[in-house]
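Just below is one structure, and these are the notes that go with it.
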Amino acid sequence: MQFNFEARAKEQRLCNKHDGYTSLMFMRPDSTEHWTGCPKCQDEIEQEKRQHERIQDEIEYKKRFITRLFNQAAIPPRFVDNSFDNYNIDTTEQQVAKNTMMEFAQNIKDNLKFGRNAILAGNPGNGKTHLSVATGRVAINEGYTVLFTTVANMIDRINEAGWNKATTIDNYAIPDLLILDEVANHFNSEEQKNLFKVLNCRYEQIKSTIIQTNLSMDELKAVLGDRIIDRLRQNNCVVLYFTWESYRK
Ligand SMILES: [Zn+2]
């Protein structure tokens with residue numbers, strides 16, 4: 001409380017927590033007395049308030065940062081809420097798939113540091129994307145950059161880049177984790193070469209990639225080549241086959 005006039009009186013007082021201090025008396029506009037408290041206590045209150053504000057600012061900053069990372073990740077709206085918590089499990093295989101990717105996500109710091117990859121292969125509609133996005137979510141919450149794209153979309157971007165093609169390819173090596181959806185075998189040789197270049201670039205930069213494909217491992221080898229497959233599979237790569245839909249039918 002601040003008053004715009006002079007102290008009318010003063011006396012030595014003792015703070016329970018600190019030493020003695022001089023308390024000043026001011027008259028309030030309604031003619032009641034106001035005695036000032038311990039200045040050290042006052043300082044402490046101020047300090048606590050500033051500390052609290054600082055923590056709030058940091059929380060707010062982190063929230064905005066994470067939101068920005070989510071937006072940059074370009075996860076399609078259909079999958080944006082996918083997490084490990086809302087992944088439905090009907091079969092043992094699904095449980096294994098979930099556990100494997102959860103373990104990958106739990107070790108996300110090491111996995112991204114060492115550029116470990118995951119290959120999720122098998123039938124469509126089996127929740128490959130769900131588990132990839134759930135993994136990406138964990139990475140983003142840890143402050144890592146993630147990008148979700150279909151191969152077709154990536155190829156389009158590279159084709160559109162014209163003379164800037166090499167930079168565009170390099171840019172796909174920037175995110176800490178790339179979720180590459182729909183790795184298929186209907187691309188022409190030039191497009192395949194660009195896909196190869198992106199994966200190779202990421203390998204050289206020690207960046208992790210999650211490959212999602214409806215192809216079998218042999219078909220994937222035919223598309224990407226043995227060399228890239230060997231590079232992807234180095235370093236404890238996770239390989240999961242999503243085949244349970246076919247059992248049920
Ligand atoms: Zn005090």
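Worth a mention:
- Considered as an equivalent ellipsoid built on the Cα gyration tensor, the range 42-107 has semi-axes of 40, 16, 9 Å, the largest given first.
- With both labels modelled 7 Å from their Cα along Cα-to-Cβ, the ARG64 to GLU6 distance reads 4.8 nm.
- Residue among GLY162, CYS201, GLN94 farthest towards the positive dipole end of the chain, charges placed on Cβ: CYS201
- Where Rh is the Kirkwood radius over Cα pairs, Rg/Rh for the range 108-164: 1.05
- Cross-link reach is defined here as a Cα-Cα straight distance under 15 Å, omitting same-chain residues fewer than 8 places apart; for LYS49 the aspartates and glutamates meeting it are ASP57, GLU58.
- Between TRP163 and GLN56, the FRET efficiency from the beta-carbon distance, with R0 = 51 Å, is close to 0.60.
- Translational D in µm²/s for the range 1-73 (Stokes-Einstein at 25 °C, 0.890 mPa s, Kirkwood Rh from C-alpha pairs): 156
- Overall shape of the chain was characterised from the C-alpha gyration tensor. The equivalent ellipsoid obtained from it has semi-axes of 60, 21, 16 Å, in decreasing order.
- Nearest-20 debye value, the chain charge dipole, Cβ charges on Lys, Arg, Asp, Glu: 260
- Ratio of the Cα radius of gyration of the range 1-126 to 2.2 N^0.38 Å, where N counts its residues: 2.17
- Remark: for residue pairs LYS63/LYS128; LYS62/LYS207; LYS63/LYS207; LYS63/LYS165, the C-alpha separation exceeds 30 Å in LYS63/LYS165.
- The length gained on full extension between GLU142 and HIS186, counted as 0.36 nm times the residue separation minus their Cα-Cα distance, comes to 12.3 nm.
- Cα-centre dipole for the range 45-181 with unit charges at Cβ (Lys and Arg positive, Asp and Glu negative), debye to 20: 180
Computed from the coordinates by the stated procedures, all read-outs in this text should not be read as laboratory data. These numbers were taken from a predicted model, which means no experiment stands behind them. All Cβ positions, even for glycine, are placed from backbone atoms using ideal geometry, and neighbour counts span all protein chains on display.
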